[in-house]
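Below is one structure, written out as structure tokens, with a few remarks after it.
The values are calculated or read from the model by the stated rules, or taken from the named source; none is laboratory data. For clarity, every value in this text was computed on a predicted model and none was experimentally measured. Because the Cβ atoms are built from the backbone with ideal geometry, glycine has one as well, and the counts that use them run over all protein chains shown. For the accessible areas, the whole protein counts, side chains as well, though only heavy atoms, and no ligand, DNA or RNA atoms are used. Shrake-Rupley method; radii C 1.70, N 1.55, O 1.52, S 1.80 Å.
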Amino acid sequence: MSQQDNIAAQTAFGEAVNSGNLAAIADVVAPGSIDHDAAPGQGPGPEGYQAMFRDLRRAFPDLHVEVEHLLATEDELAFAYTVTGTHRGELAGHTPTGKSVSFRGMQISRFEDGKLVERWGSSDELGMMRQLGLI
């Protein structure tokens, strides 16, 4: 597959997260996909991503991920992003604060046949928790 196919798959993943149409993640994530930096309790494959983002969207119903910078090779994408949202649901056992957050992250994704097969990444979760006044 080409760089453009991989960019299109990553864009579709982002649109699924931002819209809440998490079923669409299955179209762009391979069944055995591995997240090397998975969230606590996150399982493999599209189901793992769907469950993790379902929980995150419950906590932040207006969750939005904006890609700020993107680099692509034939089979990998690296990008920096900003996550925004308002804490309106339970998050890791914490009741909603009603506070808005904005935090950054970076990710490297590897694709085969236009589907995500591996992910490495990090988000400023400590910064998010500080903004919410939870730590």
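Across the range 34-55, the number of residues qualifying as touching a Gly at 6+ places or on another chain (Cβ under 7 Å) and not aliphatic (A, V, I, L, M) comes to 5. Within the range 122-135, the set of residues being outside any helix (DSSP H, G or I) and open to solvent by less than 30 Å² (accessible area, probe 1.4 Å) comprises just one member, Leu132. Of all residues in the range 76-95, which are farther than 20 Å from His64 by Cβ and at pLDDT 95 or above? Selection gives Glu76, Ala78, His94, Thr95. Does the range 54-66 contain at least one residue that is free of Cβ contacts under 8 Å to residues at least 24 places away in the same chain, of a type in the set (D, E, K, R) and closer than 19 Å to Ile108 by Cβ? Yes. Within the range 1-41, being open to solvent by less than 30 Å² (accessible area, probe 1.4 Å) and not β-branched (Val, Ile, Thr) holds for Asn6, Ala9, Gln10, Phe13, Gly14, Ala16, Leu22, Ala24, Ala30, Ser33, Asp35. Scanning the range 63-105 for residues that are more than 14 Å from the chain's Cα centre (by Cα), of a type outside the set (Val, Ile, Thr) and not in a strand (DSSP E or B) turns up Glu74, Asp75, His87, Arg88, Gly89, Glu90, Ala92, Gly93, Pro96, Gly98, Lys99.
Across the range 101-121, the qualifying residues are those that are touching a strand residue (DSSP E or B) at 6+ places or on another chain (Cβ under 6 Å) and open to solvent by 80 Å² or more (accessible area, probe 1.4 Å), and the one among them that is farthest from Ser33 (Cα to Cα) is Arg104. Looking only at residues in the range 84-96 that are farther than 30 Å from Asp5 by Cα and in contact with a Lys or Arg (Cβ under 9 Å, 6 or more places away or on another chain), the one that is surrounded by the most Cβ atoms within 10 Å (Cβ to Cβ) is His87. Residue pairs whose Cβ atoms lie under 7 Å apart, sitting 6 or more positions apart in sequence or on different chains, and linking a residue in the range 15-28 that is at positive phi to a partner that is surrounded by 17 or more Cβ atoms within 10 Å (Cβ to Cβ) and assigned to a helix (DSSP H, G or I), are Gly20/Arg57. Whether a residue is at pLDDT 95 or above and farther than 15 Å from Asn18 by Cβ was assessed, and Arg110 passes this test.
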